[in-house]
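*Asks:* One structure follows; several queries about it will come next.
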Amino acid sequence: MPKLSVVVPFHNVGPYAPDTLRSLANNADPEFEFLLVDDCSTDDTPDILDRWRDRLPNATVIRHETNQGVAQARNTGIDAARGDYLTFLDGDDWYAPGHLRATVTGIDRLGCDFARTDHVLSEGRKRQIRYAPAKRRDTVMDPRDGISPADMVTMVDYPFVPFGIYSAGLFENGASRFETSLRTAEDRLWIWRLHLKARTFAALSLHGVFYRRGVTTSLTQITDNRQLDFIPSYDLLLDEVSRDAEADRFLPKAIRTYCAMIAFHMGKVDTYEPDVARRLRTDVADALHRMPQRFLDETLDTMDTRRSTLLRSLRDTGRTA
């Protein structure tokens with residue numbers, strides 16, 4: 001049985017797939033398997049995967065007959081995985097040589113449910129290390145301690161699924177699957193659930209995974225209604241946190257993060273398609289009314305003036321309407 005399963009969704013990433021696949025080859029190990037999920041690409045991605053399949057040891061290409069989104073592509077890889085651990089990579093990103101072996105060694109040494117790593121942000125020729133905001137490094141911690149406090153950057157504010165390694169036990173019996181109804185923001189919900197449900201985690205001082213930013217294939221570049229999926233994502237989160245035994249501990253963080261996401265999207269609303277912009281204004285007003293108002297008021301009282309003024313205005317506009 002493999003030690004590690006690496007799940008890599010691909011969708012129309014022809015210009016970048018060779019770099020990704022080359023990095024997998026540079027991390028190949030007899031104990032690793034590579035699950036390459038082609039989510040019905042319409043460019044030359046399928047041909048590139050076929051050419052690399054025989055060059056990449058222990059590689060399996062899995063094809064979707066229709067485009068189903070990154071959440072389902074990851075779930076397809078999870079269902080096919082046989083490793084003791086799983087990790088994920090996006091089809092336009094890449095690893096430094098030896099990174100995968102280092103992550104396996106790290107989590108093996110600590111014996112935790114999952115471990116997160118740092119990453120390198122790549123924009124053109126620029127490189128910048130981004131550190132996971134963990135309280136401690138290379139030591140086992142309680143995942144719930146990685147959620148709060150509300151007014152600090154914590155591990156749930158580091159919603160990058162590929163920058164980590166996860167025990168196969170987390171995925172048993174259909175657990176830890178990605179929400180396929182979400183076309184974006186599925187990673188944020190998944191990371192929150194991980195911290196609420198897992199028993200142990202760690203942050204490894206590794207930064208051998210490269211995140212390519214600003215490419216046209218990235219979902220961060222879209223302007224259509226997929227951008228609005230952060231709303232149902234956080235609605236699901238608030239519902240689950242509200243039913244948690246420690247709801248009072250975690251609701252302030254969940255609501256503050258939701259509010260920050262609303263402010264972020266409103267800050268670039270003019271870049272969205274007109275009908276999407278109109279729907280955004282309506283939907284975020286409704287979302288603000290659905291939040292537990294006591295916690296929302298506390299959040300708005302402690303946020304910076306610019307964002308709190310915006311959010312109060314949106315809430316009041318929705319109430320008036």
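*Asks:* With the structure loaded, tell me whether D286 is surrounded by fewer than 20 Cβ atoms within 10 Å (Cβ to Cβ) and part of a loop (DSSP other than H, G, I, E, B) or whether it fails that test.
*Replies:* Considered against the rule, which asks whether it is surrounded by fewer than 20 Cβ atoms within 10 Å (Cβ to Cβ) and part of a loop (DSSP other than H, G, I, E, B), D286 comes out as no.
*Asks:* What is the residue count in the range 258-281 for residues that are of a type in the set (S, T, N, Q) and open to solvent by less than 80 Å² (accessible area, probe 1.4 Å)?
*Replies:* 0
*Asks:* Among the residues of the range 182-197, which ones are out of contact with any Leu (no Cβ under 6 Å at 6 or more places or on another chain) and either under 19 Å from A132 (Cα atoms) or touching a residue at least 60 places away in the same chain (Cβ under 8 Å) (or both)?
*Replies:* Scanning the range 182-197 gives L182, R183, A185, E186, D187, R188, W190, I191, R193, L194, H195, L196.
*Asks:* May I pose another question? Would you point out the residue of the range 96-130, among those that are hydroxyl-bearing (S, T, Y) and touching a residue at least 60 places away in the same chain (Cβ under 8 Å), that is nearest to L206 (Cα to Cα)?
*Replies:* The selected residue is T117.
*Asks:* Now, a different point. State all residues of the range 1-29 that are open to solvent by 50 Å² or more (accessible area, probe 1.4 Å) and over 23 Å from G169 (Cβ atoms); if no residue qualifies, say none.
*Replies:* H11, P15, D19, R22, N26
*Asks:* Here's a follow-up. Are there any pairs, at least 6 apart or on different chains, whose C-beta atoms fall under 7 Å, with the first in the range 200-214 and on the phi > 0 side of the Ramachandran plot and the second open to solvent by 10 Å² or more (accessible area, probe 1.4 Å) and modelled with pLDDT under 95, and if so, which?
*Replies:* Pairs that qualify, where the first residue is on the phi > 0 side of the Ramachandran plot and the partner is open to solvent by 10 Å² or more (accessible area, probe 1.4 Å) and modelled with pLDDT under 95, are G214/E123.
*Asks:* Look at the range 34-59 and say how many of its residues are more than 23 Å from the chain's Cα centre (by Cα), without any contact (Cβ under 8 Å) to a residue 40 or more places away in the chain and within 15 Å of V6 (Cβ to Cβ).
*Replies:* Here the count works out to 6.
*Asks:* Let me confirm something: among A81, A73, which residue is among the aliphatic types (A, V, I, L, M), in contact (Cβ under 8 Å) with a residue 12 or more places away in the chain, farther than 18 Å from F32 by Cβ and buried (at least 20 other Cβ atoms within 10 Å of the Cβ)?
*Replies:* Being among the aliphatic types (A, V, I, L, M), in contact (Cβ under 8 Å) with a residue 12 or more places away in the chain, farther than 18 Å from F32 by Cβ and buried (at least 20 other Cβ atoms within 10 Å of the Cβ) holds for just one of A81, A73, which is A73.
*Asks:* Here's another thing I want to ask about it. Within the range 83-100, is even one residue in a helix (DSSP H, G or I) and over 17 Å from F171 (Cβ atoms)?
*Replies:* Yes, that holds for at least one residue.
The values are calculated or read from the model by the stated rules, or taken from the named source; none is laboratory data. Only a predicted model underlies this, so the values are computations on that prediction, with no experimental measurement involved. Cβ coordinates were reconstructed from backbone atoms using ideal geometry, including for glycine residues, and neighbour counts include every protein chain displayed. With ligands, DNA and RNA removed, areas are computed over all heavy atoms of the protein, side chains included. Shrake-Rupley method; radii C 1.70, N 1.55, O 1.52, S 1.80 Å.
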